[in-house]
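The block underneath contains the structure these notes are about, expressed in structure tokens.
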Amino acid sequence: EIWTPPAAPRPADGEVRFVFSGRFVDWKGIQFLLPAFEKAVARNPACRLELIGGGGEFEGYVKELASRELLAGKVRFHGWLARERAAEILREADVFVMPSLRECGGTAILEAMAMGKPIVTTNWGGPADYVDARCGILVDPSGPQQFVDGLAEGMLRLADSPELRGTLGAGGMQRVKEDYLAWNVKADRVLEILRDVVAGK
């Protein structure tokens, strides 16, 4: 009920908003996101980055990068929020970014997909299980600089194309509903299996 798509498209204000949610620790990949975002802003000044969460060993580093002249006013720190408020920020955004390097699941990705947001994430672990070409852009973690460049290119592709954002966002909602990723769909599938077992199939 919380992670529902917006009732209407966000009014055009000339900005493209990206959202990250999580702790500022190494395995969440935040140390790659800020340099990648800086590259994206250099080519498309309309980009904005909303950061939900904080703490961790990279908090000071992230805030230092965000204070650079190129990024001034383009990165917003929200800190830790109640789930409802976090959902509001995501609902008003355009793209969800998760550069995690060791993510066995990725519930936040499913929440963003359920809200119709295209995804930019790591082609590894849980995110690679959830995201495919129908709903997002997967970036290979083949090396630090290559990963930064890939994240930047993924963000720019989406920043430059409202049509692609719409297509991938719709694909994410469809994937969550049809591929047993939403809780109510999972529950229905478990019931089907139990009925088959009871019926001796």
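Take the Cα of Lys201, step 7 Å toward its Cβ, do the same at Arg23, and the gap between the two points is 4.4 nm. Between Lys186 and Ala46, full extension at 0.36 nm per residue minus the direct alpha carbon distance yields a gain of 46.5 nm. Averaged per residue, region 72-164 has 44 square angstrom of accessible surface, using a 1.4 angstrom probe with ligands and nucleic acids left out. Straight Cα distances below 16 angstrom link Lys28 to the aspartates and glutamates Glu50, Glu57, Glu59, Glu103, Asp140, with same-chain residues fewer than 8 positions distant left out. For region 128-196, the set of trypsin sites (Lys or Arg not before Pro) satisfying both a DSSP loop assignment and a count of at most 15 other C-beta atoms within 10 Å is given as Arg134.
When only the Cβ of Lys, Arg, Asp and Glu is charged (+1, +1, -1, -1), the dipole of the chain relative to its Cα centre reaches about 200 debye.
Against the set [x] 15.5, 45; [y] 17.4, 67; [z] 17.3, 61, the structure's computed Rg and Dmax of the Cα atoms in Å falls on [y]. FRET efficiency for the Glu64 to Glu178 pair, using the beta carbon distance and R₀ = 25 Å, is estimated at 0.05. Working note: Karplus 6.51/-1.76/1.60 with θ = phi - 60° gives region 47-52 the couplings 5, 10, 10, 9, 10, 9 Hz, where Gly and Pro are set to x. Working from label points 7 Å from Cα in the Cα-to-Cβ sense, the Gln145 to Leu81 distance is 3.6 nm.
May I ask for the distance between the Cα centers of region 92-115 and region 13-66, given as a whole number of Å? Cα centres, region 92-115 to region 13-66: 14 Å. Under the combined filter of DSSP loop state and at most 12 neighbouring Cβ atoms within 10 Å, region 61-108 retains these chymotrypsin sites (Phe, Trp or Tyr not before Pro): Trp80.
The values are calculated or read from the model by the stated rules, or taken from the named source; none is laboratory data. Every value quoted in this text rests on a predicted model; they were computed, and no experiment measured them. Every residue, glycine as well, gets a Cβ built from its backbone with ideal geometry; the counts of neighbours run over all protein chains shown. For accessibility, only protein heavy atoms count, side chains too; no ligands or nucleic acids. Shrake-Rupley method; radii C 1.70, N 1.55, O 1.52, S 1.80 Å.
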